[in-house]
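Coordinate-derived values only; no laboratory data. It should be emphasised that the depicted structure is a prediction, and the values quoted were computed from it without experimental measurement. Because the Cβ atoms are built from the backbone with ideal geometry, glycine has one as well, and the counts that use them run over all protein chains shown.
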Amino acid sequence: MELLIKKGCIVNTDSTQQADVLCKDGKITAIGKDLEFDSKPDNIIDAGGCFLLPGGIDPHVHMHLPTHAGYSSDDFISGSKAALYGGTTTIIDFVTPQKGQSLAKAIELRKSEAKNCLTDFSFHVSPVEWRDSLKDEIKDCISLEGLRSFKVYMAYKDSIGLNDEALFKVMEVVGKSGGMLTVHCELGDEIDALRNQFASKNKLSPKFHPLSRPAELEAYAVKKAIDLAKKAQCSIYIVHVSAKKSLKFIQEAQENGQAVLAETCPQYLLLNDAYYKGEFEKTAAFVMSPPLRKKKDQKALWNGIDDKTIETIGTDHCAFNSAQKRMGENDFRKIPNGAGGVEHRLPLLYTYGVSKTKISLNRFVALTSTNAAKIFGLFPTKGTIAIGSDADILVWDPKIKNTISINNHHQNSDANIYEGMKTKGGPKMVIKNGTVVIENGQLIKNPEKGHFLKTNPF
């Protein structure tokens with residue numbers, strides 16, 4: 001099947017051009033002005049007045065995540081549906097094994113859980129303990145599964161977090177095997193002590209959540225991770241950076257030539273810790289880790305995006321319903337951590353980044369698609385509009401207006417941390433692998449399932 005997109009303005013990270021795009025069998029086959037054909041394409045789209053952008057890549061989502069409050073409210077079907085509505089055509093989720101479970105078995109089970117995903121997808125693999133067999137298991141993830149990114153947690157020591165010794169051992173193996181380590185940086189032991197200290201004084205409302213996870217404990221975890229990675233000769237990618245102090249350590253490492261990359265999320269750019277003030281029903285939705293920070297941190301993050309200290313924007317999408325959040329009504333430590341956002345990432349960043357002249361449209365493409373594709377081994381198949389690349393294309397209308405609401409969002413949740421925020425600019429049409437899947441705000445019936453993506457060597 002041939003699809004022709006006419007009169008659009010193609011925006012990549014390094015170029016902007018007015019041209020037509022021809023797609024065939026899921027790939028981009030020709031780009032140029034006034035393309036000529038032996039026969040008429042099956043579908044012709046007039047994209048006049050719109051930008052043509054590479055499909056969004058969200059490098060950080062948690063679908064169907066098991067927690068003490070049950071699974072997160074979005075499974076791979078509902079979560080990927082929300083992603084498509086927001087212009088994201090590829091997601092990278094996580095494989096988190098049980099203690100004692102092999103990485104290979106955990107990957108097999110996770111693939112099964114994602115089999116009905118509507119976007120294309122890949123995984124980061126999370127070692128949750130150190131054992132002698134892990135060295136070979138990590139190598140097999142890379143050579144057999146084509147998964148080269150590994151996620152570790154410095155918090156949550158009672159479940160999935162690693163102590164410093166185990167963390168260093170994992171770094172050594174990943175580094176020597178040619179992989180990359182993504183790191184959740186918070187000093188878990190110190191956080192647990194603070195949480196219990198607040199609890200002992202009956203300080204259990206959501207406002208104590210950010211106080212129990214202060215910016216310093218993120219920043220010093222970042223510093224520790226950087227130091228360990230340097231010693232282990234391992235490339236690291238620091239997820240959901242939220243604090244100004246964290247950026248200082250990241251910038252220093254980058255200036256010294258160390259392979260340290262950083263991601264942030266829309267919530268840390270647009271929301272702050274004032275949302276923790278008030279009654280439980282109004283504040284619990286904002287309980288996430290790391291927590292929302294101060295306005296000074298927001299400003300620092302935007303500066304970090306501008307000077308390229310931060311190269312990607314994910315969402316850490318992990319939606320819950322109000323009933324699940326209510327499990328912590330009498331103890332903030334029991335509130336499941338996380339919020340939805342995969343649907344809103346691109347419209348929010350376009351509205352409050354591009355339209356506010358904080359970033360260019362080319363930088364927008366880099367932050368939401370191209371850089372993630374390059375970092376995680378998906379480029380140039382994903383992340384660019386180029387001949388030979390997958391035909392994942394957004395027909396982006398800068399005039400589309402929306403007010404984010406639980407009444408019109410597509411995530412499977414009765415809460416939304418962006419409730420009431422207005423956006424201008426969004427996907428008029430979403431094309432995945434050469435097929436229109438969203439048109440004028442409507443998902444086509446029975447869209448083709450997404451594909452599992454192996455990654456290229458870094």
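Points worth noting:
- Between region 246-281 and region 1-37, the alpha-carbon centres lie 36 Å apart.
- Degrees between helix 215-232 axis and first principal axis of the chain (Cα, 0 to 90, nearest 10): 80
- Calculated SAXS-style log₁₀ I(q)/I(0) at q = 0.14, 0.25 Å⁻¹ - region 300-360, Debye, Cα scatterers: -0.57, -0.98
- Separation of region 183-236 and region 319-335, taken as the distance between their Cα centroids, equals 21 angstrom.
- Each listed q (0.20, 0.24 Å⁻¹) maps to a log10 I(q)/I(0) for region 309-421, found by the Debye formula over equal Cα scatterers with no solvent: -1.14, -1.32.
- Computed from backbone phi, the HN-Hα couplings of region 120-132 come to 5, 8, 9, 9, 9, 10, 10, x, 10, 6, 9, 8, 4 Hz, rounded to whole numbers (Karplus: 6.51 cos²θ - 1.76 cosθ + 1.60, θ = phi - 60°; Gly and Pro given as x).
- Using θ = phi - 60° and Karplus 6.51 cos²θ - 1.76 cosθ + 1.60, couplings along region 65-82 (whole Hz; Gly, Pro as x): 8, x, 9, 5, 9, x, 5, 3, 6, 9, 8, 5, 6, 5, x, 6, 4, 4
- Two-site label geometry, LYS277 and LYS7: point separation in nm, points 7 Å out along Cα→Cβ: 5.1
- Separation of the LYS356 and ASP136 label points, Cα + 7 Å toward Cβ, nm: 5.3
- Length added when fully stretched, LYS296-ALA104, from 0.36 nm per residue minus Cα-Cα: 64.8 nm
- For the chain, calculated [θ]222 nm from helices alone, where every DSSP H run of n ≥ 4 adds -39500 (n - 2.57): -8000 deg cm²/dmol
- Spin-label model, ASP14/LYS334: points 7 Å from Cα along the beta carbon direction are separated by 5.5 nm.
- Take every DSSP beta bridge whose two residues both sit in the chain; close to 50 percent of them are antiparallel.
- Across q = 0.06, 0.09, 0.10 Å⁻¹, the chain modelled as identical point scatterers on its alpha-carbon atoms has Debye log10 I(q)/I(0) values of -0.24, -0.55, -0.69, in the order of the q list.
- Helix 188-200 and the long axis of the chain differ in direction by around 60°, with both axes built from C-alpha atoms.
- Taken one residue at a time, the phi angles of region 166-171 give Karplus couplings (6.51, -1.76, 1.60, θ = phi - 60°) of 5, 4, 5, 4, 5, 4 Hz. Gly and Pro are set to x.
- Stretchable slack from LYS308 to LEU211, in nm (0.36 nm times residue separation minus alpha-carbon distance): 32.0 nm
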